[in-house]
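A short worksheet on the structure shown next.
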Amino acid sequence: MSLKRVLAIDLGAESGRVMSLNFDSTLFRMEEIYRFPNVPVNAGGTLNWNVLSLWHEIKTGIAKTVAHDSIGIDTWGTDFALLDREGTLLSNPIHYRDPCTEGMIEWVLERIPKKILYSRTGVQFMRINGLYRLAYLVKNESPLLSTASTFLTIADLFNFWLCGNKSCEFTHATTQQIFNPILGDWDYETMKSLEIRTDIFPEVLQPGSKIGHYHNIPIILTASHDTASAVVSVPAIQKDFAFLSSGTWSLLGLELDELIINEDAFHANFTNEGGFAGTNRFLKNISGLWLMQQCLKTWRENGKEYTFNHSIELAGAAPSFKAIIDPDSPEFMLAGDMPLKIINFCKNTNQSIPLSPGEILRVIYESLALKYRYVLELLVNISGKEVRKLHVVGGGSRNNLLNQFCANAMNIPVIAGPAEATAFGNGLVQLISLGEVRNISEGREILANSVNLKIFEPQQTELWEEQFQSF
């Protein structure tokens, strides 16, 4: 058997990985080559992504590998970089959690009616979208826009540094709220209304495109938004599933063959993001393990260190349903003392106050599961699609407690795994592009036979139904 090896570079909001996906024509095997932290930098009052450090880590990881048949990269969505006419990075990209976008949705909607903007883009209104950082630059007459020659998403910035190609990959472009999926091109009409320069936006290419070489190794566009890659790797044989890409963010949605840009989707604030092979990811962004991560960070700074597994044990031992929060309440968006924010939310809503770390973590996990149920019902009602199971992929699929809570709240089986979903999906697109795998259906079937999956059946459904009504 001939062994094919593709290199999947996967950058998340917390860390980056260089992974090797090996395929012997029967099974996939994932190998971690190199892992590194992704640490934003606050400089001059602005929170930035340290893309130069990430680029150094990417090259270090590639240098640790043996020969591969191709390289692909995926990253978190919504952020972008600006280059000058020489291709030089003009500034470190602004982080989507920087407070500069406060009030920018309102500023944009003063110039473009909300329904019109949604009809053009079909994207959920969130201040993290790239549109609102562009609007911030316009509003403040930033010299960055007048100097810029090229707009690139974060994934495409690294693709440019890998091989010199200046293009934007489709799935990533659709996360910015400046792409019109009906026209299949940038939303120039909106940009003109907001006085955003339209000449800086490059050609949009589909995942699977070959765009150049890095030291003679082909560079292939993956589904370069990390959630799009994660959805590629959902190990489903039938189509009666919903997916939950569980990490810093929770992205809960359906894989569809058509766009849903209508009145119901608008009022539910759902998003239509590009998927692989012409599919549409009809979904909603939900604040995910960010809440837990920020709690652990706060406790660590106060001298109390909890591992991921220990934190799950603490939550599992805590009393159930002491309080309920809305994980997407605005006060939870920015970094800070998350335990205090949760305590204050419970005080302000006249609930019992969670005080111990276990109680706070359990409130987070139970509330996330209830929010998932709420969103899933809306997804099903608006799309008309039947959902019989939930596939949880990504790092959060290792959280057995949250997986069980999801099954309880939704009253459907939850299938957890793979944890390295983005890297698997990244590599699978490369293998399809190279002709080693025929299509996504074949790839998913191979993947289902290559990884260990865990199934969670619903429990305590009457109790969870009662709590859902309270939620």
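Out of the DSSP beta bridges found with both residues in segment 1-87, what percent are antiparallel (nearest 5)?
The antiparallel fraction comes to roughly 75 percent.
Quick one: accessible surface of residue 446, probe radius 1.4 Å, all protein chains present, in square angstrom to the nearest 10.
The value for residue 446 is about 20 Å².
So for the pair residue 470, residue 441, with labels modelled 7 Å out along Cα→Cβ, what separation do we get in nm?
Distance between the two pseudo-spin positions: 4.6 nm.
When the helix-only estimate is applied to the chain (DSSP H runs of n ≥ 4, each -39,500 (n - 2.57), divided by the residue count), what is the mean residue ellipticity at 222 nm, nearest 500 deg cm²/dmol?
Calculated from helices alone, the mean residue ellipticity at 222 nm is -11000 deg cm²/dmol.
Please name which of 411, 448, 425 has its Cα lying farthest along the dipole of segment 338-471 towards the positive end, using unit charges on Cβ (Lys, Arg +1; Asp, Glu -1) and the Cα centre as origin.
Checking the options against the dipole of segment 338-471, the answer is 425.
Any of 114/166; 4/239; 115/192; 115/139; 284/347; 139/166 with alpha carbons more than 20 Å apart? Name them for me.
114/166; 4/239; 115/139; 284/347; 139/166
For residue 212, list long-range residues whose amide hydrogen, built 1.01 Å from N in the peptide plane, is under 5 Å from its own amide hydrogen.
219
Taking θ as phi - 60°, what are the ³J(HN,Hα) couplings along segment 48-58 by the Karplus curve (6.51, -1.76, 1.60), each to the nearest whole Hz, with x for Gly and Pro?
So the Karplus estimates, Gly and Pro as x, are 10, 7, 8, 5, 5, 5, 4, 4, 4, 5, 4 Hz.
When only the heavy atoms of the protein chains count and the probe is 1.4 Å, how do 332, 160 rank by accessible area, highest first?
Sorted descending by solvent-accessible area, the residues read 160, 332.
Under unit Cβ charges (Lys, Arg +1; Asp, Glu -1), what dipole magnitude, rounded to 20 debye, does the chain have relative to its Cα centre?
480
Show me 122-131, 300-309 ranked by packing, highest mean number of other Cβ atoms within 10 Å first.
122-131, 300-309
Can you tell me the Rg and Dmax of segment 220-290, counting just the alpha carbons, in angstroms?
According to the Cα coordinates of segment 220-290, Rg and Dmax are 12.2, 37 Å.
Modelling each spin label as a point 7 Å along the Cα-to-Cβ direction, I'd like the residue 239/residue 115 distance in nm, to one decimal.
3.1
Provide the packing ranking of 237-246, 458-467, i.e. peptides ordered by the mean count of other C-beta atoms within 10 Å per residue, highest first.
For the peptides 237-246, 458-467, the packing ranking is 237-246, 458-467.
Would you mind checking segment 251-294 for residues with the amide N under 18 Å from a putative spin-label position 7 Å along Cα→C-beta of residue 193?
261-263, 266-267, 269-270, 272
Specify the inter-centroid distance of segment 24-48 and segment 255-296, based on alpha-carbon positions, in whole Å.
Each part's Cα centre sits 23 Å from the other's.
Taking 0.36 nm per residue of sequence separation and subtracting the Cα-Cα distance, how much length would be gained by fully extending the chain between residue 59 and residue 91, in nm to one decimal?
9.5 nm
What are the chymotrypsin sites (Phe, Trp or Tyr not before Pro) within segment 1-50 that DSSP puts in a loop, where the Cβ has at most 13 other Cβ atoms within 10 Å?
none
I'd like to know which of 144, 194, 164 lies farthest towards the positive end of the charge dipole of segment 103-231, counting +1 on Cβ of Lys and Arg and -1 on Cβ of Asp and Glu.
Farthest towards the positive end: 194.
So for 163, 346, what's the accessible-area order with a 1.4 Å probe, most first?
Sorted descending by solvent-accessible area, the residues read 163, 346.
If I histogram all Cα-Cα distances within segment 152-296 using bins 10 Å wide from 0, what percent of pairs lands in each bin?
Each 10 Å bin holds this share of Cα pairs: 11, 35, 35, 17, 2.
What are the radius of gyration and Dmax of segment 68-132, computed over its Cα atoms and given in Å?
Both quantities, over Cα of segment 68-132: 15.5, 51 Å.
Ratio of alpha-carbon Rg to the 2.2 N^0.38 Å globular estimate for segment 315-467, to two decimals, please.
So segment 315-467 has a normalised radius of gyration of 1.23.
Which whole-Hz ³J(HN,Hα) couplings does segment 287-302 yield from phi under the Karplus relation 6.51 cos²θ - 1.76 cosθ + 1.60, θ = phi - 60°, glycine and proline marked x?
Once θ is set to phi - 60°, the couplings for segment 287-302 become 4, x, 6, 3, 4, 5, 4, 5, 4, 4, 5, 4, 5, 4, 5, 9 Hz.
Ordered by residue, what ³J(HN,Hα) values in Hz, to whole numbers, does segment 367-376 give under the Karplus form 6.51 cos²θ - 1.76 cosθ + 1.60, where θ = phi - 60° and Gly and Pro are x?
Using θ = phi - 60°, the values come out as 5, 4, 4, 5, 5, 4, 4, 4, 5, 4 Hz.
Please name whichever of 232, 253, 277 sits farthest to the positive end of the charge dipole of segment 210-344, dipole taken about the Cα centre and charges placed at Cβ: Lys and Arg +1, Asp and Glu -1.
232
The values are calculated or read from the model by the stated rules, or taken from the named source; none is laboratory data. Being a predicted model, the structure only gives us computed values, none of them experimental. Counting neighbours? That spans all protein chains shown, and the Cβs are built from the backbone with ideal geometry, glycine included. SASA here: full protein model, heavy atoms, side chains in, ligands and nucleic acids out. Shrake-Rupley method; radii C 1.70, N 1.55, O 1.52, S 1.80 Å.
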